[in-house]
Structures are given as structure tokens and as C-alpha cells.
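The values are calculated or read from the model by the stated rules, or taken from the named source; none is laboratory data. Keep in mind the model is a prediction, meaning the values are calculated, not measured. Please note: Cβ atoms are built from the backbone with ideal geometry, for glycine as well, and neighbour counts cover all protein chains shown. Surface areas here come from the heavy atoms of the whole protein model, side chains and all, with no ligands, DNA or RNA. Shrake-Rupley method; radii C 1.70, N 1.55, O 1.52, S 1.80 Å.
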Amino acid sequence: MFQLQGPQMLQMLEKSLRKFLPESIKVYGTVFHMNQGNPFKLKALVDKWPDFNTVVVRPQEQEMTDDFDYYANTYQIYSKDPKNCREFLGTSHVINWKQHLLIQSSQFSLDEVIQNLAAIKQVKVKQTQCFLYMMPKTARRLLPSLPEANNIPLEIGRPKAMNQELFKLSSLDVTHAALVNKFWHFGGNERSQRYIERCIQSFHSFCLLGPEGTPVCWNLLEQTGELRMGCTLPEYRGQGLAPHLLLVTTQALEKLGFPTYISINQTNNIMQKISHNLHFIPMPCDWNQWQCVPL
């Protein structure tokens, strides 16, 4: 096991991971933001260097003091050889299997290894799979050989007009974390709210303020470069707010050169339609998360 130290090694890792997109996107996006200041104080571990097979990005040990906080105890994994990375992932210095934790990857091929390790480590696993989409300019820049990225129109799809007198573009404040947490499918508890607060404080967020001056539609960036936790309050749905905010968000993040992407639940037909209308590029791989709980 090697921990990559210093900006030169991390920049080399980012450049190398780019060759394996889109399957490496969760790790690539995380390493990108580590090279932009690393606000979540993450570290990158590889099985060997520079010709690595497997990369694990995880928090520093001092950031993982709560054994029950799987939002803090989150690991991003990419492997060139998913069938033969069990020994590396089974090492306690790489993954602390005694904690409640999350593993995220764009490789479903890791499922067998993770399930086998969970059985050995006596861990219960809940696996979630979502569709993965990349923003048009991001896909064209990072995946020039992907046919879908080159066949999209040069102009991004335009949502229907929004009442700009009623709704004002803004960013989220940490005091809005409770509202975001209430509607987040993976949240709704005290630990998830702390995670949301940290994301708001560390990364870009976007929202539309309603007539009362409070957020009615929002999305925010997390440490992997993914746009997550997006929502429109039920009473404001059907007014074109989500497409409008996604368009603004996409343009702002692409202007910064961020590797921006989103995951969408496989049953969320509305968001899939919005993504199609905005010309988001469906990826040939999926978004995967394994929630692990020691027995």
C-alpha cells in the first residue's frame, strides 16, 4: 500500500485516471478536487506506484472518529482489475471494515469483491445503483471518443422560461442544511445534516429563492465533483425550476473546468427526461454505492 503524498503525485494520478473515464469518474472527480485544495482532507492510496491497479480515496483517520457515521466514512474506488483487488481492499489500513461505511464507484464489477469481503468481515451490505450522466461540455472535453459526446448539438438544451420576478438565483447557506437534509433520499438524520453542512461550506451550491426569500429548488456539489441532493419543494414542482437551475449550475461549473456529473435514480423518470432535454450524456457505466454495516 502506498499513500500518494504531495501535489506532483496527485496530479500524476489525476492525469492517469483520466485515461480510464468514465469508469474512473468517482475517483477522478475526487482527486480533481483534492488538487483544488482538498477541503475534505482526503488521501489517496494505491496498491503500487506508478503503475497502480487499484486506487482508494478515503478520509484521513482523524476525520473518521465516529464509527457509525458512514457519510464521513466514505471510500471512492477505481480498479483496473476488479477481480483481483480483494487482498488490497481487505487490508485494514485501506478500509476499516469495523465501521459503518460507504463505498462508491462507477464499476459494478466491484460488487462481487465487495460482497465477498463483506461476508469474510461479517458486514451487511446494501447496494444501490443509479444511472450516471455527464454534462455535455464535460463529456466532450474528457471523453472525446465517446460517440454520444460528439453527436450532441453545440447549444445545450433550453428549459422553458421561468418567472424571474418570483424566483431569484442564489447559493445555499449552512442554515439551509436542515431543509436539504429533509428532502435528501439518502439523508434525513443528524449525521447526514452534518455532511450537508460541510458540503455547503466547502463547495459550490446553487438555489432558487422563492417569494419568501427561502430556497425552493437547489443542488450542490460534493467532494467527488458530483452534483447531488437536488430537489424542488413539492408545492413548486412543474414550474420548470429544476431544469432552469440545472442549466445555470452546469454552465457555471463547466466554465470552471470542473468534471461535473450527476446520478439519477432508475425510477426517477422526471429527472431522466429533464437530463435528456438538457442534453446530458448517459454514461455506459452506472453509479454504485455499497452501504456497509458490521454485524
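Below is a table of values for the structure above.
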quantity: Evaluated at q = 0.09, 0.10 Å⁻¹: base-10 log I(q)/I(0), Debye formula over Cα of the chain; calculated: -0.43, -0.53
quantity: log₁₀ of I(q)/I(0) at q = 0.10, 0.14 Å⁻¹ - segment 134-284, Debye sum with one point per alpha carbon; calculated: -0.34, -0.68
quantity: Relative contact order of the chain, pairs being alpha-carbon contacts under 8 Å that are 6 or more residues apart, as %; calculated: 25
quantity: Cβ-based charge dipole, the chain, positive-most Cα from Gln107, Tyr71, Gln5; calculated: Gln107
quantity: Loop-resident sites, segment 215-285, for chymotrypsin sites (Phe, Trp or Tyr not before Pro), counting at most 10 other Cβ within 10 Å (DSSP); calculated: none
quantity: Using alpha-carbon coordinates, inclination of helix 190-202 to the longest axis of the chain, degrees; calculated: 70
quantity: Solvent accessible area, Å² - Lys19, 1.4 Å probe, full protein context; calculated: 150
quantity: Inter-probe distance in nm under a simple model that places probes 7 Å from Cα toward Cβ, at Asn150 and Asp111; calculated: 3.2
quantity: Asp47 accessible area, 1.4 Å probe, all protein chains in place, Å² to nearest 10; calculated: 40
quantity: In degrees, nearest ten, helix 25-34 long axis to first principal axis of the chain (Cα); calculated: 90
